[in-house]
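*Asks:* Below: one structure in structure tokens.
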Amino acid sequence: AASSDSPEPAVIGERQDNFEQIGDAFRVIRGELENDAPDMAVISANAEIINANAMKIEGHFPAGTGMDDGFDSEALATIWERPEEFAAAHERLVSASEAFLATANAGDSAAVAEGVPELGAACKNCHDTFRLDDE
């Protein structure tokens, strides 16, 4: 475990910012879909953010950067204890975000709305196992 005088690795803030951007983009998309005429350009731009940020996740979890290491993080030790599962969960999110982006770029708001639960499930899939539920 890190002592309180150990500086927090920069990667922790980077990954937290990355996930925040994904969450913000997802909220924008869901909000846009509540409009009578959703702006598909806004939806596509935010789907692009989710996909680009999903692809960055893999590099954001070097060993020794979890909550068990004494850092302000919700990253559970299961990330490093079960790396194959974590990689599979990450791949599911990347695949879901790629499919969602393609749907968004096709411009069909009904199809985008149908894709939201799948994308949300890919996010939740990882949170359930690898992230502290502090809600």
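*Asks:* Residue under question is Asp17, and the condition is that it be within 22 Å of Ala102 (Cβ to Cβ) and modelled with pLDDT of 95 or more; does it hold?
*Replies:* Considered against the rule, which asks whether it is within 22 Å of Ala102 (Cβ to Cβ) and modelled with pLDDT of 95 or more, Asp17 comes out as no.
*Asks:* Here is a follow-up. Of the residues that sit in segment 66-107 and are among the polar types (S, T, N, Q) and surrounded by fewer than 19 Cβ atoms within 10 Å (Cβ to Cβ), which one is nearest to Ala47 (Cα to Cα)?
*Replies:* Asn105
*Asks:* Follow-up. List the pairs whose first member sits in segment 67-84 and is free of Cβ contacts under 8 Å to residues at least 40 places away in the same chain, whose second member is open to solvent by 40 Å² or more (accessible area, probe 1.4 Å) and among the aliphatic types (A, V, I, L, M), and whose Cβ atoms are under 9 Å apart, counting only residues at least 6 apart or on separate chains?
*Replies:* Close Cβ pairs (under 9 Å, with a partner that is open to solvent by 40 Å² or more (accessible area, probe 1.4 Å) and among the aliphatic types (A, V, I, L, M)) amount to Ala77/Met67; Trp80/Ala63.
*Asks:* Restricting attention to segment 38-62, and to residues there that are at pLDDT 95 or above and of a type in the set (Gly, Ala, Ser), which single residue is farthest from the chain's Cα centre (by Cα)?
*Replies:* Ala41
*Asks:* Identify, please: which residue in segment 122-135 is open to solvent by 40 Å² or more (accessible area, probe 1.4 Å), touching a residue at least 24 places away in the same chain (Cβ under 8 Å) and within 13 Å of the chain's Cα centre (by Cα) and is, among those, nearest to Gly66 (Cα to Cα)?
*Replies:* For segment 122-135, the residue satisfying everything is Arg131.
*Asks:* Show the residue pairs that are 6+ apart or on different chains and have beta-carbon atoms under 8 Å apart, the first residue being within segment 85-100 and in contact (Cβ under 8 Å) with a residue 12 or more places away in the chain, the second being surrounded by fewer than 21 Cβ atoms within 10 Å (Cβ to Cβ) and charged (D, E, K, R).
*Replies:* These pairs meet every condition: Ala87/Glu58; His90/Glu58; Ala96/Glu118; Ala99/Glu118; Phe100/Glu118.
*Asks:* Could you look through segment 15-46, keep only residues that are small (Gly, Ala, Ser) and in a helix (DSSP H, G or I), and pick out the one that is nearest to Cys123 (Cα to Cα)?
*Replies:* Result: Gly23.
*Asks:* If you don't mind, there's one more thing I want to ask. For segment 41-60, name all the residues that are among the aliphatic types (A, V, I, L, M), in contact with a helix residue (DSSP H, G or I) (Cβ under 7 Å, 6 or more places away or on another chain) and open to solvent by less than 40 Å² (accessible area, probe 1.4 Å).
*Replies:* Residues satisfying the conditions are Ile43, Ala47, Ile50, Ala54, Ile57.
*Asks:* Just one of (1) under 22 Å from Val11 (Cα atoms); (2) part of a helix (DSSP H, G or I); (3) open to solvent by less than 80 Å² (accessible area, probe 1.4 Å) trips up Gly115, so point out which.
*Replies:* Condition (1) is where Gly115 drops out.
The values are calculated or read from the model by the stated rules, or taken from the named source; none is laboratory data. Every value quoted in this text rests on a predicted model; they were computed, and no experiment measured them. Cβ: placed from backbone, ideal geometry, glycine included. Neighbour counts: every protein chain shown. We work out accessible area using only protein heavy atoms, side chains counted, and drop any ligands, DNA or RNA first. Shrake-Rupley method; radii C 1.70, N 1.55, O 1.52, S 1.80 Å.
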